[in-house]
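Please read the structure below before turning to the comments.
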Amino acid sequence: MSDVRIDDLPVRDELRGKSPYGAPQLDVPVRLNTNENPYPLPEPLVERIAERVREAARNLNRYPDRDAVQLRTGLAEYLTRTTGHPLGTGNVWAANGSNEVIQQLLQTFGGPGRTALGFEPSYSMHALIARGTGTGWIPGPRGEDFTIDVDAARRAIAEHRPDVVFVTTPNNPTGNAVPPETVRALYEAAQAAKPSMVIVDEAYVEFSHGRSLLPLIEGRPHLVISRTMSKAFGAAGLRLGYLAADPAVVDAVQLVRLPYHLSAITQATALAALEHTDTLLGYVQQLKAERDRLVAELRATGYEVTESDANFVQFGRFADAHEAWRKILDRGVLVRDNGVPGWLRVTAGTPEENDAFLDAVRELKKEL
Ligand code: PMP
């Protein structure tokens, strides 16, 4: 074993003393901590993936399609069909998870000497990817109820003039969606201040009561919608994220992407998943119903719950959220402590998993 530590290496100053991102991957009976879809892929899709991967394997001596044209065309068709907003291949870009999409966007529009602003609490990787790309991070304000107050947000944008503004809707970890008029107002504020890029992270939008904000990209060349196959598609292990924007944004991102970043296996698997969107999205209805049940039952048990448009629910309040997290874990259920004081987050799982969770928090309530 080596006793050299990270800080003994000549790492960049901003990485010193930091720890890597990661929810605990613990071996417990019920894991409701990373907002995954609890349902395994349906068998016909598994078969189709095997077929497509076998075909792709025959050509693995060659680099994959660098521009992933077939896949981007399929994603554009999916988005057009589900949002009613016509998109072409040139509007869509894909990468290894939406984390990589966001990294490429910050490499393109952020970087040393530039800043990004996000309304906290939100998806903590936005700030971490900013750090990794040398982009300064500015925490923006959210109200007590975790909504974005337009006036306070406008003031923060005008004051800091960030190069990139993040809006996560539905927001993680709080679950609430951001109304389209707020995004329009933030876009205007960001254009008046800089102009800057506005990245709308819609990782959970398929679970929303409302619609995707994707049609807003029309006439707004600085607006980017980021999406993923990790949640609604139930394919977190695939690592496939994508964005929709003006074709100029897609061209710009190609300046920083690594050549052949999306493997032939990934492209083949994602294409197979797109052939089965209707089955996959069927699970979304079930998960939404389970999400609504969690909200109702948590409230009935006396917990506070933030309004959720996602496949997870933020609940509280706890005098000591971490202690509550530990007590729920002791009952065999892993939820997430995102560090929001007083609150925890639970992902909607299968009905049985949710029952186990509800039993655990009902028992916990008696102890509080
Ligand atoms: N955005 C948000 C808001 C998320 O919660 C997540 C996953 N937790 C991601 C993006 C990244 O997802 P992936 O890289 O799997 O696409």
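Read-outs throughout are calculated quantities, based only on the coordinates presented, and are distinct from any laboratory measurement. Note that this is a predicted model, so its numbers are computed, not measured. So basically every Cβ, Gly included, is an ideal-geometry build from the backbone, and we count neighbours across all protein chains shown.
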Which order do the peptides 168-179, 289-300, 238-249, 327-338 come out in when sorted by mean C-beta neighbours inside 10 angstrom, highest first?
168-179, 238-249, 327-338, 289-300
Within 10 Å of each residue's Cβ, count the other Cβ atoms and sort MET125, MET1 from fewest upward.
MET1, MET125
Cα→Cβ-extended label distance, 7 Å offset, between SER2 and GLN285, nm
5.4
Which residue fluctuates the most in the chain, going by a Gaussian network model with Cα springs under 10 Å, if the choices are ILE199, ILE265, ILE225?
ILE265
Cut-off under 16 Å on the C-alpha distance; same-chain residues fewer than 8 positions from LYS365 excluded. Which lysines are left, in chain and number order?
LYS327
A student asked for the Cα radius of gyration and Dmax of the range 43-275 in angstrom ought to give 17.6, 57
Answer rounded, prolate or oblate for the range 121-224, using the Cα gyration tensor with square roots of eigenvalues a ≥ b ≥ c: rounded when a/c is under 1.5, else prolate when a/b is larger than b/c, else oblate.
rounded
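Order of 303-309, 316-322 by packing, highest average Cβ count within 10 Å first?
303-309, 316-322
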Other-chain or far-sequence residues with amide H under 5 Å of ASP149's (modelled H):
GLY143
Spin-label pair ALA300/GLN70, simplified geometry with 7 Å Cα→Cβ offset, distance in nm
4.9
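If packing is taken as the average count of other Cβ atoms within 10 Å, what order do 9-15, 192-198 fall into, highest mean first?
192-198, 9-15
Given that compact globular proteins tend to follow 2.2 N^0.38 Å, what is the ratio of the alpha-carbon Rg of the range 251-330 to that value?
Normalised Cα radius of gyration, the range 251-330: 1.72.
Note down, for the range 311-368, the three equivalent ellipsoid semi-axes (square root of 5 times each alpha carbon gyration tensor eigenvalue), biggest first, whole angstrom. Don't skip to the answer; put the middle values down first.
Numbers: eigenvalues 56, 36, 16 Å².
Those come to 17, 13, 9 Å.
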Computed over the chain, the relative contact order (Cα-Cα under 8 Å, seq sep at least six) in percent reads 22
Taking other Cβ within 10 Å of each residue's Cβ, how do ARG72, ARG5, ARG220 sort, fewest first?
ARG5, ARG220, ARG72
Enumerate the aspartates and glutamates that LYS288 could reach by cross-link, defined here as Cα to Cα under 12 Å, with residues fewer than 8 away along the same chain left out.
GLU206, ASP309
Which ³J(HN,Hα) values, rounded to whole Hz and listed in residue order, are derived for the range 246-252 from phi using the Karplus coefficients 6.51, -1.76 and 1.60 in 6.51 cos²θ - 1.76 cosθ + 1.60 with θ = phi - 60°, glycine and proline given as x?
4, x, 5, 5, 4, 4, 5
I need to check one value: relative contact order of the range 276-338, counting alpha carbon pairs closer than 8 Å and at least 6 residues apart, in percent.
20
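By count of other Cβ within 10 Å, fewest leading, how are LEU364, LEU287 ordered? Kindly include the intermediate steps, with their values, before the conclusion.
Values: LEU364 18, LEU287 25.
Ascending Cβ contact count within 10 Å gives the list LEU364, LEU287.
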Placed amide H near PHE318: partners under 5 Å, 5+ positions off or other chain
GLY342, TRP343
